[in-house]
Amino acid sequence: MDFDTDIAIIGGGLNGPALAIALAQTGLRVTIIDALAVKTRKIAGFDGRSYALALTSTRLLQGIGVWNAVEPYAQPMLEIKVTDGRAGDGPSPMFMHFDHAEIEEGPMGFMVEDRHLRRALLAAVKSTPNIVQMNGQAVVGQQADGSGITLSLASGKSLRAHLAIGADGRSTGTGQRAGIKRIGWEYGQTALVCALEHELPHHGVAHQFFMPPGPLAILPLTGNRSSIVWSEKDQNAAAINALSDQAYLDVLRPRFGSFLGDLSIVGQRYTYPLSLSLAHDMVAPRVALVGDAAHGVHPIAGQGLNAGLRDVAALAEVIADTQRRGEDVGSDATLARYQEWRRFDNTTLALATDSFNRLFSNDNPLIRIARDFGMAAVNALPGLRRGFIREAAGLTGELPRLMQGKPL
């Protein structure tokens, strides 16, 4: 049977295009099927959304030729300060402080606005040979067999590929159609997301302030701006989000503090419910899942996109090595190698973020004392502290070649 493409990627967000570029650069024919129109993906203005990219994620972007277009707009994260406390009371004197100077590789990561990263990926997709984009197209059916997979589109067209990759988010249709089940739960928390302009410089320092209703992350952007991800109980978050910008800031200031001076909101404000969602399997016959399609975690450590990009780097490496050996890139053996590599790490990350959220999002006095002394202990032990810094930079575990700065 004739194949229309080697690899079909369902989903045109961030992970899908990054994977398409990596695979196409090995000579494979790749088709991206995106339910959204391309003009919807190309957002010109600043809308407040940003990502904390670990150092290893920037290496991946460098390896596929995207980072040079993003770097001028990226803010290095030089330090991370982690504190515990209550709104209006200020942070506990016991804290964790991570400084990039304690590792040799450079900044732990970079803050990048969604608009710059998305535009760079779209431009690279457009200029990379072997990639076909099908925008505004929805996959409504898929049928795998011994040699490949046939995708049925809402338009009535069909597409034949050796492998279909679901990069279509937590509600992944690709995974559902493949019969992959999920486990997960709601946290009863909502993330309030926006960007702030402030009077004083942040000096590249990221802050994580744990409060009983949920954590507040203050993440440095270029200039005197910061991105915030502020978690509150669902009902309280809905009430806060309904406020005017000024009233919103009035609620935020006791939590944020005055260390950056006067604050103002820039761009749009967003909310999204917080939950854990983990696929039982990352693969099925002729199907692989990456990113949120495989694992959706609490944003407490800012690792969601980084975990997805590690999926991308690992799957690209497994497929590239399989192709070089002349084997079937969509075979069960190929997919088993990918799942074996990534499943444990992703499950560990999901459980770790879940545990951290439960540990810190409460006001039990005994637990507060224990976690404060725990943070102080980590901060006082250079070896342990350095391990946390390397974890934040994405430098631990079995790194794919692209995340080591090596060619695929």
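How long is the gain from residue 41 to residue 262 if the chain were fully straight, where each residue apart is worth 0.36 nm and the alpha carbon distance is subtracted?
Working: separation 221, 0.36 × 221 = 79.56 nm, distance 3.29 nm.
Full extension of this stretch gives 76.3 nm more.
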- Query: Relative to the first principal axis of the alpha-carbon coordinates of the chain, what is the inclination of helix 114-127, with its axis defined by its Cα atoms, in degrees from 0 to 90 and to the nearest 10?
  - Reply: 20 degrees
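Classify segment 283-328 as rounded, prolate or oblate, taking a ≥ b ≥ c as the square roots of the eigenvalues of its Cα gyration tensor: rounded when a/c is under 1.5, otherwise prolate if a/b is larger than b/c and oblate if not. Could the numbers behind the result be given before it?
On the way: a/c = 6.30, a/b = 2.11, b/c = 2.98.
Cα axes put segment 283-328 in the oblate bin.
What percent does the relative contact order of segment 274-408 come to when contacts are Cα pairs within less than 8 Å and at least six residues apart?
On the way: 117 pairs, mean separation 36.7, N = 135.
Result for segment 274-408 is 27 percent.
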- Expressed as a percent, the accessible surface of segment 262-408 that is carbon or sulfur, using a 1.4 Å probe and the full set of protein chains, is 60 percent
- Using alpha carbon centers only, segment 302-322 is separated from segment 330-400 by a whole-angstrom value of 18 Å
- For segment 67-201, max minus min Cα coordinate along each principal axis, in Å, sorted largest first? 60, 39, 31
- Between helix 304-324 and the chain: long-axis angle, C-alpha atoms, 0 to 90°, nearest 10: 30 degrees
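Evaluate Rg over Rh across segment 1-160, taking Cα atoms for both radii and Kirkwood's formula for Rh.
Working: Rg = 20.3 Å, Rh = 18.3 Å.
Rounded to two decimals, Rg over Rh is 1.11.
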- Unit Cα scatterers, Debye sum, segment 34-123: log10 I(q)/I(0) for q = 0.19, 0.20, 0.22 Å⁻¹: -0.92, -0.97, -1.07
- Message: Between residue 250 and residue 99, what is the label-point separation in nm under the 7 Å Cα-to-beta-carbon projection?
- Response: 4.1 nm
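Need one number: % antiparallel among DSSP beta bridges in the chain, to the nearest 5. Write down the numbers at each step before the final one.
Numbers: 61 of 83 bridges.
Roughly 75 percent of the DSSP beta bridges within the chain come out antiparallel.
Compute the convex hull volume of the Cα atoms of segment 70-127, divide it by the residue count, and report the result per residue in Å³ as a whole number. Each step should come with its number before you reach the end.
Values: hull volume 7.1 nm³, N = 58.
Hull volume normalised by residue count: 123 Å³.
Compute the convex hull volume of the Cα atoms of segment 157-313, divide it by the residue count, and report the result per residue in Å³ as a whole number.
Working: hull volume 23.7 nm³, N = 157.
Roughly 151 Å³ of hull volume per residue.
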- Task: Taking Kirkwood radius over Cα pairs in Å as the quantity of interest, determine which of (i) 22.0; (ii) 22.9; (iii) 24.9 was computed from the displayed structure.
- Result: (i)
- Query: So what's the angle, to the nearest 10 degrees on a 0 to 90 scale, between helix 332-360 and the longest Cα principal axis of the chain?
  - Reply: 20 degrees
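Place the peptides 126-132, 209-215 in order of packing, highest mean first, counting for every residue the other Cβ atoms within 10 Å and averaging per peptide. The partial results should precede the final answer.
Numbers: 126-132: 14.9, 209-215: 22.1.
Averaged packing, sorted descending, gives the order 209-215, 126-132.
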- Note on the structure: For segment 289-408, dividing by residue count, accessible area per residue (probe 1.4 Å) in Å² works out to 42 Å²
- Item | Separation between Cα centres of segment 222-252 and segment 168-217, rounded to whole Å | 14 Å
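Starting from 0.36 nm per residue, how many nanometres of slack lie between residue 123 and residue 275 once their C-alpha separation is accounted for?
Working: separation 152, 0.36 × 152 = 54.72 nm, distance 3.24 nm.
Net length gain for the segment: 51.5 nm.
If eta is 1.002 mPa s and T is 20 °C, what Stokes-Einstein diffusion coefficient results for segment 248-319, Kirkwood Rh from Cα pairs, in µm²/s? Kindly include the intermediate steps, with their values, before the conclusion.
Working: Rh = 15.5 Å.
In µm²/s, the coefficient rounds to 138.
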- What ³J(HN,Hα) values, in whole Hz, does the Karplus curve 6.51 cos²θ - 1.76 cosθ + 1.60 give for segment 191-197 when θ = phi - 60°, with x put for Gly and Pro? 8, 9, 10, 6, 10, 10, 9
- Query: Quick one: Kirkwood hydrodynamic radius for segment 301-404, alpha-carbon pairs, angstrom, one decimal?
  - Reply: 16.2 Å
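Going down the table (181/233; 157/181; 233/406), which pairs top 32 Å between alpha carbons? Walk me through the numbers on the way to the answer.
Numbers: 181/233 28 Å; 157/181 27 Å; 233/406 43 Å.
Over 32 Å Cα-Cα: 233/406.
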- Query: Which value, in Å to one decimal place, does the Kirkwood hydrodynamic radius take for segment 357-408 when every pair of different Cα atoms is included?
  - Reply: 13.5 Å
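The values are calculated or read from the model by the stated rules, or taken from the named source; none is laboratory data. In this text, all values refer to a predicted model and were calculated from it rather than measured experimentally. Here Cβ is always computed from backbone atoms with ideal geometry, including for glycine, and neighbour counts include all displayed protein chains. Remember, those area values only see protein heavy atoms, side chains included, never the ligands or the DNA or RNA. Shrake-Rupley method; radii C 1.70, N 1.55, O 1.52, S 1.80 Å.
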